[in-house]
Each structure stands twice: as C-alpha cells, then as structure tokens.
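Beneath this line is the structure, given in structure tokens, with notes to follow.
Here, each number is a calculation from the coordinates, and none is a lab measurement. This structure is a prediction, so every number in the text was calculated from the model and none was measured. Backbone-built Cβ (ideal geometry, glycine too); neighbour counts: all protein chains shown.
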Amino acid sequence: MENILRPLIVVGGSVLLTLVIGWATDRLMRKADERHSETPLWGQLRRARVPYQLVLCAALLRGSYDESKLLEEHKVAVGRVLTLVLIGAAAWLAIRIAAAVVETTYSRYARAHRDPARVRRVRTQVTLIMRVVSAIVGVVAVAAMLLTFPAMRAAGASLLASAGILGIVAGVAAQSTLSNMFAGFQIAFGDMVRLGDTVVVDGEWGTVEEITLTFLTVRTWDERRITMPVSYFTSKAFENWSRGGAQMTGTVFLHVDHSAPMEKMREKLRDVLRACPAWDGRDYGLVVTDSTPSTMEVRALVTAKDADDLWTVRVAVREQLIRWLADEHPYALPRVNATDAALPPGYPVPGGPPGRIPARRAHQHDHLPPQRPDRL
C-alpha cells in the first residue's frame, strides 16, 4: 500500500501545489493589472503563466522524486529528464519575462512620443533586441542541457582546446551569415530603415514589413513579399520615402492642345484637390513644362501626408482632369490635324484654291522657310 500511496502523494502533491501557486500568482497579477491599467506589464507577465507553472512543477518533482521510490531502477534517467524539462521551461520563462519588459518599455515610449519615425525606429530596435535575447537564452539553455550528460562534460576540455580553430572555420564558412547579422545591427541602430518605412528597391515600391538579423521583407502595393538579405541595404543605394518625414510631393503630367484653358484648369485642379480627402492641403500647382508641334505638356503638382495618399491624389487628379476636359473643353485634348492647313489670305497655291494648301503638300514643305509669292 505504501508503494502506491507514496508516489501518489509525492507526484500528486507536486502537481496540486503547482496549480495552487500558479492560480494565486495569476490572481495577484490580474489584480495588479486592474489597479495599474496605465502599464501593460502585468498583463504581459500573465502570458508567462504556462512556463512559470512548468518550472514550478519540474522543480518540485525534481526535488521530491527521490522520496517517491518510483522507478528506482531508472532513477538517473528520470532525474535527467526532469532536469532537462526544468532547464527548457526556465529558458521559456526567461524569454517571456524579457518580452514583457521590452513590450512595456516600447508601449511607454510610443505613448510619450508622437513622432511616427522615431516610434518605428525604436520598434525595429526592440524587435531585433528580442531576437538576440531569445537566441542567447536558447543557446545557453541548450548548452546547459548538454552539460548534464557526463560525456559532454568530459569532452569539454577538448572542445575548449579546439575552440580557436573551430571559430576560424565557422567564421569562414558563415561569412555571408555573419555579414548579414552585422548588417542587421547596423540597420537597427544606424536608423537606415525601419519597420513601416516606404522604400523602393530594385524598382519595386513597398513597405518594410519585417526585419530580422539576416533578412528583410518588403510588402509591395499588390500584396507581394520581397525578401532580401539585410546586407543589401548596407551595400547598395535604395530610396526611403519615409526618412525625414512621410510627407511627399507628387506630379501628374497631361498632354493637351495648345488652346487648352490654363487658368480654368488651375481652378479645376483646386476644386478637385479640395474634394479629395487624401490631399493634405500643403501645396498645389499647374504649369506648362514642355511643348511640341502638336501638344504641350502640363504638370500638376500635389502633396500628401504619405506615399499611399499621394498615389490616391495623383489618380484622382489625373482621372477628373481628363474627364473634365473631355466634357467641358474637348478642343483642349490632343488631336491629329487631318484637314488642309490654313494659309494667310492671298497666298497663291498652284493647282489649289486660293489661301489653302493640301495637307500632304503642307507636310512636305513645313520644313522650308516661307517664300514670297513672286518666287513661286
């Protein structure tokens, strides 16, 4: 009877004590979260209750297992398994606690600063710091697990003796990986590119969606994802439309006839922008930038608070101006002359009506200087 009750009491008592302590701790953190609603720390710490209870249970079972007299022939193996579980759960708990502290610090910073660029920069740095901390904790946990085996402890001296050679070999073999890792730190703390920045890389326009120690993901306007090594941003030129502020200025080019009413087009542009919610109201303008024998080029200048709104404004201006010209001033649209060219009154043309010249002949002689009638 004792052989049954003793393991039941030891194991059941450890599990029951773990549940009671975990419940009490979670209740205390819930009350603290309700009392201090201005900080998300306690709510973030509550997410660590599973690894916390696992650590408690593994520690209690590891300490009381010898008293249970259960599976004594496998006592060493069971004890080692419990130790491994304890180490893994402790690493999990450490990562959750670090994440709670970092997220709380970032939330306070985001509330205190209204500059989106600075907030994105800190978010990028926090994300990379958490990845580094997780990697370090994971490596330490794996090393601690391996050292629980006697064979690993015996081989420790030889491993340390060959660490220099292994380090050189690993450095040469992982040269590109190490360069990407250092590039990731340079991006995070050099403020080159941040999460949420609008960038143009290899002719593709998109938003930075994810930054890791080795690669960076850009989400394009058509929902594609471009993944590239972070070393690209430290070795090649790229456009960052969000650096120094997200406000942008854009242009819309139209080709119209020389008779287009410019003043009315300026008034129509002003009306279109006032009715467009994406326009930020900073500036606008309409000027003639070029001229050809058949058309002239008109440039409309518009502004917006970011790249997305700028695209919306440009599309609206282009569409509504063309529609307005087609409805109200169709003569201002580009056209191809298919009729005879008009000449000054009294200009004699052999074989044709006075004052008119066929379009084909005008095309043949439009490169020649005008001639006097007495020379024809």
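Once the C-beta distance of residue 140 and residue 210 is scaled by a Förster radius of 22 Å, the resulting FRET efficiency is 0.30 to the nearest 0.05. Restricting the calculation to alpha carbons of segment 214-258 gives Rg and Dmax of 16.3, 55 angstrom.
Put a dot 7 Å past the Cα of residue 308, heading toward its Cβ, do the same for residue 331, and the two dots end up 4.5 nm apart.
The calculated pair-distance distribution of segment 248-332 uses every alpha carbon pair, bins of 10 angstrom beginning at 0, and gives 18, 53, 25, 4 percent.
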